[in-house]
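Asker: Before we start, here is the structure in question, set down as structure tokens.
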Amino acid sequence: MLRRTKIVATLGPSTDNPETLKGIIDAGLDVARINFSHGVAEDHRGRARLLRKCAAEVGRQVGLLADLQGPKIRIEEFESGQITLQEGAKFTLSARLGATEGNEHQVGITYKELPRDVAIGDTLLLDDGNIVLHVSRVTDSQVETLVETGGVISNYKGINRLGGGLSASALTEKDHADVRLAAEMEVDYLAVSFPRNAVDLHVARELYRAAGGKGGICAKIERTEAIQELDEIIKAADCVMIARGDLGVELGDAELPGIQKRIISSSRALNCVVITATQMMQSMVESPQPTRAEVLDVANSVMDGTDAVMLSAETAIGRHPVKVVEAMDRICRGAERHHSTLVSRHRLESKFENTEEAIAMASMYTANHFNVAAILALTESGATAKWMSRISSGIPIYAMTRHVATQRRVTLYRGVYPINFDVDSEDEAPVDEEIVRELLRRGAVRGGDRIVITKGDLTGVSGGTNVMKIVRAV
């Protein structure tokens, strides 16, 4: 059984060995993530080159997602590297303090506008909520607080406001440079961190296109404001990522499960791809096997309908990068055997907006209610395969295209598998025969199997899918 849920894994020092990277690809990697928050441009270029080389040697298409850092709102450095904050103590976040002058009484901040964004009574969370501060006084350049939850804190830890509301722009000066780098690297997806609304995504797309980038735009949902604008953000994006770290800090952990389910449901309803991310297999940074809680977390995301599950530190700096991908592959396959992942009522009451979408929905309805072994979408852009992937099914969808960029893009779509295929003939019958021969050669179907094929009357025209037919493999 082919695994339908896709695996995204972050590249880093632990994957820089070619044999390790090939092992991850063999274990089931579908899309590799490069995190622009760490390392320099040459690191990123080198990892992208190594990924393409290893994927070619293994004989698979692997997508590439570049993740912008965004407006990381952090404290600066302490003179001693770290301090211990005591509950009830006074502690100041200062926009005028030197970058290395922090002590047990105060510390500098990277985001100098913080005093304008907070008010007396607000709760600030440092280090993913491990330190909790109550705002007691605000001046033009300082935020004075009382420590509610203390502990050890070190340099460069993040700052969040409970309930959101920090107004930092989604795209920083560094991000502008990294957008150009992503275009140069020909990434398949560009992830925008901390977008507040659809406008942030439109701006990012314009910058990316101006730099020559052709990949999709991924919106990372990690701000309270993004939840308030969720549907508009989904419509403006090609993909959304549930970035549960900062999102959980801002919303509170009790709100996170319901929000995750809502994002997955809304994304599928609006025909958008969705990735579930952050700490999915965190214990495997050190451990060779996941906890039962992590197994259930991944499985529940799969059964909720996520397109992909993502690994971060587990593969980037973890001790067992190949084992963690193998474990995630195993868990996804197990969850996909559950009946709920094989049925769908998606858009049964809806009207379709164009011919391609209508053909895609008709094909999936037919396949799910007939004895069909495979669905073949002869596609230029991958759009038909994407619409098909919104329908839950156990039937594999093969996106057959000559375009490498399309092959890589569909690696993120649930239940869709790219096949390099160039049409040799414009005559309908020979094309059908070529398609079926290719699937038989790959062992994807057997003689006598029924196959649903979608294609356009005019080959080589993007957006022209207008034909669905059922054939038998012979």
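Asker: Pairs only if they're at least six apart or on different chains, beta carbon under 7 angstrom, first in the range 29-51 and assigned by TED's automatic domain parsing to the domain that holds ASP307 and within 17 Å of ALA183 (Cβ to Cβ), second modelled with pLDDT of 95 or more and among the basic types (Lys, Arg); list them, first residue then second.
Answerer: Between residues of the range 29-51 that are assigned by TED's automatic domain parsing to the domain that holds ASP307 and within 17 Å of ALA183 (Cβ to Cβ) and residues that are modelled with pLDDT of 95 or more and among the basic types (Lys, Arg), the close pairs are ILE34/ARG47.
Asker: Shifting gears a bit: Right, SER312: in contact with a Ser or Thr (Cβ under 9 Å, 6 or more places away or on another chain), polar (S, T, N, Q) and closer than 13 Å to THR10 by Cα or not?
Answerer: Against the criterion (in contact with a Ser or Thr (Cβ under 9 Å, 6 or more places away or on another chain), polar (S, T, N, Q) and closer than 13 Å to THR10 by Cα), SER312 qualifies.
Asker: Answer yes or no: is there a residue in the range 69-82 that is over 23 Å from GLU173 (Cα atoms), in contact with a helix residue (DSSP H, G or I) (Cβ under 8 Å, 6 or more places away or on another chain) and either at pLDDT below 95 or not in a strand (DSSP E or B) (or both).
Answerer: No, the conditions are met nowhere in the range 69-82.
Asker: Here is a check on your reading of the model: is THR384 crowded, with 24+ Cβ neighbours inside 10 Å, within 30 Å of ARG472 (Cβ to Cβ) and in contact with a strand residue (DSSP E or B) (Cβ under 9 Å, 6 or more places away or on another chain)?
Answerer: Spelling it out, THR384 is indeed crowded, with 24+ Cβ neighbours inside 10 Å, within 30 Å of ARG472 (Cβ to Cβ) and in contact with a strand residue (DSSP E or B) (Cβ under 9 Å, 6 or more places away or on another chain).
Asker: Can you pull out the residues in the range 107-135 that are hydroxyl-bearing (Ser, Thr, Tyr) and outside any strand (DSSP E or B)?
Answerer: Across the range 107-135, the qualifying residues are THR110, TYR111.
Asker: Output the number of residues of the range 305-328 satisfying the condition of being of a type outside the set (A, V, I, L, M) and assigned to a helix (DSSP H, G or I).
Answerer: Residues in the range 305-328 being of a type outside the set (A, V, I, L, M) and assigned to a helix (DSSP H, G or I): 5 in total.
Asker: Output the residues belonging to the range 167-217 that are under 20 Å from LEU412 (Cβ atoms) and of a type in the set (Val, Ile, Thr).
Answerer: VAL179, VAL187, VAL192, ILE217
Asker: Checking LYS90 against (1) more than 30 Å from VAL31 (Cα to Cα); (2) charged (D, E, K, R); (3) touching a helix residue (DSSP H, G or I) at 6+ places or on another chain (Cβ under 8 Å), which single condition isn't satisfied?
Answerer: Of everything listed in (1) more than 30 Å from VAL31 (Cα to Cα); (2) charged (D, E, K, R); (3) touching a helix residue (DSSP H, G or I) at 6+ places or on another chain (Cβ under 8 Å), LYS90 misses just condition (3).
Asker: For the range 172-201, what are the residues that are small (Gly, Ala, Ser) and in a helix (DSSP H, G or I)?
Answerer: ALA177, ALA182, ALA183, ALA198
Asker: Also, I was wondering about something else. Given the residues GLY23, GLY59, which is the only one that is closer than 29 Å to PHE421 by Cβ, surrounded by 14 or more Cβ atoms within 10 Å (Cβ to Cβ), over 21 Å from the mean Cα position of the chain (by Cα) and among the small types (Gly, Ala, Ser)?
Answerer: Exactly one residue qualifies, and that residue is GLY23.
Conditions tested, residue by residue: (1) farther than 23 Å from GLY252 by Cα; (2) touching a strand residue (DSSP E or B) at 6+ places or on another chain (Cβ under 7 Å); (3) surrounded by fewer than 19 Cβ atoms within 10 Å (Cβ to Cβ).
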position	(1), (2), (3)
ASN160	no, yes, no
LEU171	yes, no, no
GLU184	yes, no, yes
ASP188	yes, yes, no
ASN197	no, no, yes
ASP200	yes, yes, no
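Asker: So TYR156 clears everything in (1) part of a helix (DSSP H, G or I); (2) modelled with pLDDT under 95; (3) more than 18 Å from SER267 (Cβ to Cβ); (4) in contact with a Ser or Thr (Cβ under 9 Å, 6 or more places away or on another chain) except one condition, right? Which one?
Answerer: Among (1) part of a helix (DSSP H, G or I); (2) modelled with pLDDT under 95; (3) more than 18 Å from SER267 (Cβ to Cβ); (4) in contact with a Ser or Thr (Cβ under 9 Å, 6 or more places away or on another chain), the lone unmet condition for TYR156 is (1).
Asker: Okay, next question. Restricting the search to the range 202-233, which residues are surrounded by fewer than 24 Cβ atoms within 10 Å (Cβ to Cβ), of a type outside the set (Asp, Glu) and in a helix (DSSP H, G or I)?
Answerer: Selection gives HIS202, VAL203, ARG205, LEU207, TYR208, ARG209, ALA210, THR224, ILE227, GLN228, LEU230.
Asker: Quick one: which residue in VAL298, VAL273, VAL302, VAL343 is under 30 Å from THR384 (Cβ atoms) and at pLDDT below 95?
Answerer: Step by step, each of VAL298, VAL273, VAL302, VAL343 is checked, and only VAL343 is under 30 Å from THR384 (Cβ atoms) and at pLDDT below 95.
Asker: If you go through the range 240-278, how many residues are in a strand (DSSP E or B), closer than 13 Å to ARG223 by Cβ and in contact with a helix residue (DSSP H, G or I) (Cβ under 9 Å, 6 or more places away or on another chain)?
Answerer: Qualifying residue count, the range 240-278: 2.
Asker: While we're on this one: Identify the residue in the range 411-467 that is at pLDDT 85 or above, in contact with a Ser or Thr (Cβ under 6 Å, 6 or more places away or on another chain) and crowded, with 18+ Cβ neighbours inside 10 Å and, among all such residues, is farthest from ASP238 (Cα to Cα).
Answerer: The extreme case among them is VAL452.
Asker: Pull up the range 62-80, narrow it to residues that are among the small types (Gly, Ala, Ser) and under 33 Å from the mean Cα position of the chain (by Cα), then point me to the one that is nearest to ASN420 (Cα to Cα).
Answerer: GLY63
The values are calculated or read from the model by the stated rules, or taken from the named source; none is laboratory data. Note that the coordinates shown come from a computational prediction; the quantities given were computed from them, not determined experimentally. Quick reminder, even Gly has a Cβ in these numbers, built from the backbone with ideal geometry, and neighbours come from all protein chains shown.
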